[in-house]
Amino acid sequence: MKKLVIANWKMAPQTVKEAQAIFAKIKSRAARLRGVETVIAPPFIYLPLLKSAGKIKLAAQDVAKDDGGPWTGEISARMLKGVGVSYAIIGHSERREIGEGDDVIREKLYQSLFRGLKSVLCVGEKEKSQEAFPHIVREQIKKALRGIPRYFASKTIIAYEPVWAISSHSKGKADTPQNFFEMSIFIRRTVLDVWGKSAALRLPIIYGGSVNAKNAKGFLEVKGGSGVLVGKASLDAREFNKILEIADTI
Ligand code: 13P
C-alpha cells in the first residue's frame, strides 16, 4: 500500500508565484516516487492554477455542505471535481474553531463523498489533558458518519489530528507515534461500530500535528497507520520532499 502524504497549506502562501514555486519543486520530486500518494491542499484560489498536477493529486481544504443554492462564498464539491480536485479535507479543527459543528461536517462529508472526492475527515481532541479524549474523538466520528452509507467507506480517510499537537498550538511539538498507534486502533473500533468490520479494517488512518522531516518516520512506520497530514512543514518544499522520500522507503 502506498503511503498517503497530504500537504495542507492552510491560508498560505500569500502569492500565486510562491505557490507555483513550491508546487513545482514538490512535483518534480513526487514524480520519482512510487511508494507515496502525494496530495497538495492549497487555498481554493490556487487550485485551477496548479491544475497540471502530474503525479500529484489536489485536495480542497473544505467543501460546501450543499451542491447548489445561494451560498455566498461557498464552493461545491462538484465545482472542485470540475477543476481536477480529487481529495477534500473535511472538519479540520481550524474550521471547527470558527464554528463548524458536527451536523455541518456530516453534510459536507456526504457532499464530498457523493461527488466522488476522497474525503479526509479530521478528528482530534483540543487539550492534551482532556481525560475523556478518546470519547471526544469517538463522538466526532460517530456524528460525522451518521447516515452516511457504508459504500462510501472506500473513499473515506480519517486524520487523527490532536489540536494541541498542531504546530500553531504546540510550538512544533508533535504527539507520539505510540499514541497515534493506540488512537488508530480506537478509531478503527469506532468505525467498526458504524460501518462494520470490513470497512473498518480497510479504512486509511493518518496522523497530523507538527509532522516534519525529523519525526515523520516514526508516524509513517506506525502499524495500521497509512500516512501523514502535514501543515507548516509542507510549505517548505525541501522539508516536505524529505518527508516524501521517507514515506517512499516505508
Ligand atoms: P502542522 O503540521 O503545522 O502542525 O499542521 C497540522 C495540520 O493542521 C494539518 O492539517
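Comparing 33, 145, 80, which has the greatest mean-square fluctuation in the GNM of the chain with Cα pairs linked when under 10 Å apart? Among 33, 145, 80, the largest mean-square fluctuation in the Gaussian network model of the chain belongs to 33.
Each residue of segment 214-228 was assigned a 3J(HN,Hα) from its phi angle through the Karplus curve 6.51 cos²θ - 1.76 cosθ + 1.60 (θ = phi - 60°); the sequence is 7, 9, 4, 4, x, 6, 6, 8, 4, 5, x, x, 10, x, 9 Hz, with glycine and proline shown as x. Measuring against 31 Å, Cα to Cα, the residue pairs 155/242; 128/232; 2/232; 155/223; 57/108; 81/128 contain 81/128 as the ones spanning a longer distance.
Both numbers refer to the Cα atoms of the chain; Rg and Dmax are 16.7, 47 Å. Just flag the trypsin sites (Lys or Arg not before Pro) in segment 221-250 sitting in loop per DSSP whose Cβ has no more than 12 other Cβ atoms within 10 Å. Answer in residue order: 223. If each Cα of segment 1-95 is one equal point scatterer, what is log10 of I(q)/I(0) from the Debye formula at q = 0.12, 0.16, 0.17, 0.18 Å⁻¹? Computed log10 I(q)/I(0) values: -0.38, -0.67, -0.75, -0.83. Put simply, the amide H of residue 89, placed in the peptide plane, has neighbours under 5 Å in 60, 61, 62, 120, leaving out anything fewer than 5 places away on its chain. Listed values for segment 23-28 are Karplus-derived 3J(HN,Hα) couplings in whole Hz (6.51 cos²θ - 1.76 cosθ + 1.60, θ = phi - 60°), namely 4, 4, 5, 5, 4, 5, and x replaces Gly and Pro. Look at the dipole of segment 94-177 built from charges on Cβ: of 101, 170, 122, the Cα furthest out on the positive end belongs to 122. Applying both filters, DSSP loop and at most 10 other Cβ atoms within 10 Å, to the GluC sites (Glu not before Pro) of segment 58-123 gives 97. Note on segment 153-250: Kirkwood radius taken over Cα pairs, Stokes-Einstein applied at 37 °C and 0.692 mPa s, translational D equal to 239 µm² s⁻¹. Note on the chain: dipole from Cβ charges, positive end direction compared against 181, 111, 23; the farthest Cα belongs to 23. When the Kirkwood radius is taken over all Cα pairs of segment 205-246, what Stokes-Einstein diffusion coefficient follows at 20 °C and 1.002 mPa s, in µm²/s? Roughly 213 µm²/s, to the nearest whole number. Here 32, 96, 78 are placed in order of increasing Cβ neighbour count within 10 Å, fewest first, which gives 32, 78, 96. In terms of its Cα atoms, segment 61-103 spans 29, 24, 16 Å along the principal axes, sorted from long to short.
Over the C-alpha trace of segment 72-195, radius of gyration and Dmax come out as 14.7, 43 angstrom.
Every read-out reported here was derived from the displayed coordinates using simple, explicitly stated rules and does not represent laboratory data. Note that the structure is predicted; figures quoted are calculated from it, not measured. Glycine gets a Cβ as well: all are built from the backbone with ideal geometry, and neighbour counts include every protein chain shown.
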